[in-house]
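Report on the following structure.
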Amino acid sequence: MKINASCVIIGAGINGCTLAYELALNGMKDIVVVEKNFIASGATGRCGGGIRQQWSTPMNIKFAVESVHIFEKLDEMLNYKTEYFQGGYLILAYTDEEVNQFEKNVRLQKSLGLEVDIISAEQAKKIVPRLNVDGVKAATYCATDGHANPFYVTQAYAQKAKELGVKFLLDTEVHSIVTEGNNIKSVTTNKGNINTDTVINASGGYAHLIAKMLNIDIPVKPYRHEILVTEPVNRIIDPMIISFYHSIYFRQELNGGILMGQGDPNEPSSFNVEGSFPFVQEVTSKVLKLMPCLKNVAMVRQWAGLYSVTPDAQPILGPVGDFEKFIQVVGFSGHGFMLAPRVAQHLSNYIINGNTSYEMKELSIKRFENAQLNVDVNVV
Amino acid sequence: MGGINIMELDDRDIIICRCEDGTLADVKDAIHRLGLRSVEEIKRVKRFGMGHCQGKTCGKIIAQIISQELGIPYEDIKPATPRQPAKNIRLDKFANYNGGKNED
Ligand SMILES: Cc1cc2nc3c(=O)[nH]c(=O)nc-3n(C[C@H](O)[C@H](O)[C@H](O)COP(=O)(O)OP(=O)(O)OC[C@H]3O[C@@H](n4cnc5c(N)ncnc54)[C@H](O)[C@@H]3O)c2cc1C
Ligand code: FES
């Protein structure tokens, strides 16, 4: 294999595929996506598919709100049924500190144009009548939040990108990046070399390993995150429900299955993506407290994927180190599916026109040189 | 008695994944039009194998179809990644599990 490419995108997850599409749509030719497995085989195909705008930093909110505008038109734009559904997100507060934090979040979110409200436990029960609201002090609700099927969304972008001429090399693993001075010369894979001067790191949980190929350290670490799904049942939950207090979230898929996941603060950084039994025990006992009516519903499958986490739970975008054309779209910290559509537009504008947007400046790796980071606390 | 000659059935009438309502025509479309090459990919993109039986019924049949359509020996076709639980289990059984003591 000997190929010349205008740019090589490493990783065919949601970020690699949205960016390939945006670059091709805006006229770039000879784009190559290199993927060691298959499309959406990484975090993307394992994620909860949630699309929420209720974050606690301006950048996460902005990218999510603007991505929702894209999701709303996506099926038409890409000619694919992606199961996008705006059933809202309901976030429960159990302590006074949480209520204070949520009030702060909602003020910020509203100032950025989001329609979101603090509601009472009774109002939350109106939205999900089967929810047990014992102990709930308040909640926030945004009706335009929602979810989509991550395989379908990624497939939709990849399919359109192919139609626009993007080449996808599947089962192909990047082993090294060849440089001369501060310039990239080529990418070496298990199937041969690709000549290029631009490399995009969209490798999800493996991002730090790709950066290491150029001797660059980026503050992104992989952590296993577990999730399970039940058999389909009648429609009982429209919104995604989150409790930071219990460190859980759950929602109902359009086909009826209930999806539930849990964040574990004691999980060590690793590449482990095996499902574990303690997770199933913990998440089911917490969810059954909130939704006792699910007790007779059967779990059909559990799995896990990697969160790639940065110190402030916001992605790193743009070039790093001395290489102007080694561009990161990494570190999405558990919310990369929902931010990808808009992030790709900013990056494509940078790569094609050289425009560094305000958002890209804010999310450049340089922010970690500051002592004061704006950390998003709204994470599970 | 007329009966049905199975050799004359349309691909769209041959159910391959009964849990997720997938026909032979759907599987062939996934292979040839969408370019999917494995049981795992077809499971993820088409949901065939994600239904109630979790692919216990359709997994091997889909492997056979891939083998025929792409001319790959059947032995070389990997099954989808096995996922727990092996059998569907009620959520309260997990939530109340106490290490196997005094199980109801
Ligand atoms: C259980 C779970 C639930 C989640 N829930 C949500 C949610 O509800 N909403 C949300 O927005 N986000 C969620 N996320 C986060 C989301 O999945 C990720 O942020 C997003 O999918 C990242 O996409 P990506 O394209 O950057 O990375 P990935 O999808 O991981 O893609 C990276 C790709 O790079 C490939 N790759 C790596 N190294 C190499 C190499 N050397 N050569 C070639 N290819 C390589 C990998 O095989 C992989 O396919 C969740 C994540 C998990 C694990
Ligand atoms: S027959 Fe395909 S999942 Fe059951």
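Evaluate the range A:305-314: report whether one residue or more is in contact with a Pro (Cβ under 8 Å, 6 or more places away or on another chain), crowded, with 22+ Cβ neighbours inside 10 Å and farther than 21 Å from A:A211 by Cα. The answer is no, given that none of the residues of the range A:305-314 is in contact with a Pro (Cβ under 8 Å, 6 or more places away or on another chain), crowded, with 22+ Cβ neighbours inside 10 Å and farther than 21 Å from A:A211 by Cα.
Find the residue count for the range A:270-304, including only residues that are in contact with a strand residue (DSSP E or B) (Cβ under 8 Å, 6 or more places away or on another chain), facing another protein chain (nearest Cβ under 8 Å) and open to solvent by less than 50 Å² (accessible area, probe 1.4 Å).
Restricting attention to the range A:270-304, the residues satisfying the condition of being in contact with a strand residue (DSSP E or B) (Cβ under 8 Å, 6 or more places away or on another chain) are A:270-276, A:279-280, A:282-284, A:286-287, A:290-291, A:294-304.
Applying the additional criterion that residues be facing another protein chain (nearest Cβ under 8 Å) yields A:275, A:280, A:284, A:287, A:294-303.
If we keep only those that are open to solvent by less than 50 Å² (accessible area, probe 1.4 Å) as well, we get A:275, A:280, A:284, A:287, A:294, A:297-303.
Residues in the range A:270-304 being in contact with a strand residue (DSSP E or B) (Cβ under 8 Å, 6 or more places away or on another chain), facing another protein chain (nearest Cβ under 8 Å) and open to solvent by less than 50 Å² (accessible area, probe 1.4 Å): 12 in total.
Here A:F250 does not qualify as more than 10 Å from ligand 1 (Cβ to nearest atom), free of Cβ contacts under 8 Å to residues at least 24 places away in the same chain and within 14 Å of chain B (Cβ to nearest Cβ). Output yes when any residue across the range A:92-104 is within 22 Å of the chain's Cα centre (by Cα), part of a strand (DSSP E or B) and not assigned by TED's automatic domain parsing to the domain that holds A:M28, and no when none is. There is at least one residue in the range A:92-104 that is within 22 Å of the chain's Cα centre (by Cα), part of a strand (DSSP E or B) and not assigned by TED's automatic domain parsing to the domain that holds A:M28.
Looking only at helices (runs of 4 or more DSSP H) that fall completely inside chain B, which ones have 3 or more residues that are within 30 Å of A:P278 (Cα to Cα)?
On the way: elements: B:24-32, B:39-46, B:59-70, B:91-95.
Filter on chain B gives B:39-46, B:91-95.
Would you pick out the residues in the range A:156-202 that are within 14 Å of another protein chain (Cβ to nearest Cβ) and in a strand (DSSP E or B)? Correct list: A:K167, A:F168, A:L169. Of all the criteria given as (1) assigned by TED's automatic domain parsing to the domain that holds A:E324; (2) out of contact with any Pro (no Cβ under 9 Å at 6 or more places or on another chain); (3) open to solvent by 10 Å² or more (accessible area, probe 1.4 Å), the one not satisfied by A:A211 is (3). A:A304 meets each of the listed conditions (1) part of a loop (DSSP other than H, G, I, E, B); (2) assigned by TED's automatic domain parsing to the domain that holds A:Q262; (3) within 15 Å of ligand 1 (Cβ to nearest atom) apart from (1). Looking at A:A344, is it more than 26 Å from A:Y249 (Cα to Cα), within 16 Å of ligand 1 (Cβ to nearest atom) and under 13 Å from the mean Cα position of the chain (by Cα)? Here the answer is yes, as A:A344 does meet what is asked.
Only one residue in B:P82, B:P73 is under 30 Å from A:D171 (Cβ atoms), open to solvent by 30 Å² or more (accessible area, probe 1.4 Å), more than 16 Å from ligand 1 (Cβ to nearest atom) and within 14 Å of another protein chain (Cβ to nearest Cβ), so which one is that?
Numbers: B:P73 fails: within 14 Å of another protein chain (Cβ to nearest Cβ).
The unique qualifying residue is B:P82.
Which ones in the range A:248-266 are in a loop (DSSP other than H, G, I, E, B) and open to solvent by less than 30 Å² (accessible area, probe 1.4 Å)?
A:G256, A:G257, A:G263
Filtered by the rule that a residue be in contact with a helix residue (DSSP H, G or I) (Cβ under 6 Å, 6 or more places away or on another chain) and not acidic (D, E), the range A:62-80 gives A:F63, A:A64, A:S67, A:I70, A:L78, A:Y80. Which residues, counting only those in the range B:31-55, are open to solvent by less than 20 Å² (accessible area, probe 1.4 Å), over 27 Å from B:K87 (Cβ atoms) and either at pLDDT 95 or above or within 16 Å of ligand 1 (Cβ to nearest atom) (or both)? Answer for the range B:31-55, where residues must be open to solvent by less than 20 Å² (accessible area, probe 1.4 Å), over 27 Å from B:K87 (Cβ atoms) and either at pLDDT 95 or above or within 16 Å of ligand 1 (Cβ to nearest atom) (or both): B:I31, B:L36. Condition check for B:L24 on (1) open to solvent by 30 Å² or more (accessible area, probe 1.4 Å); (2) over 22 Å from A:S41 (Cα atoms); (3) aliphatic (A, V, I, L, M): one failure, at (1). Restricted to the range A:16-44, and to residues that are within 7 Å of ligand 1 (Cβ to nearest atom) and open to solvent by less than 10 Å² (accessible area, probe 1.4 Å), which residue is nearest to the other protein chains (Cβ to nearest Cβ)? Per the criteria, the residue is A:A40. Could you list, in sequence order, all residues of the range B:85-104 that are surrounded by 10 or more Cβ atoms within 10 Å (Cβ to Cβ) and not basic (K, R)? The answer is B:P85, B:N88, B:I89, B:L91, B:D92, B:F94, B:A95, B:N96, B:Y97.
The values are calculated or read from the model by the stated rules, or taken from the named source; none is laboratory data. Since this is a predicted model, take the numbers as computed values, not measurements. Heads up, the Cβs are rebuilt from the backbone with ideal geometry, glycines too, and the neighbour counts pull from every protein chain shown. Heads up: the accessible areas ignore ligands, DNA and RNA and are worked out on the full protein's heavy atoms, side chains in. Shrake-Rupley method; radii C 1.70, N 1.55, O 1.52, S 1.80 Å.
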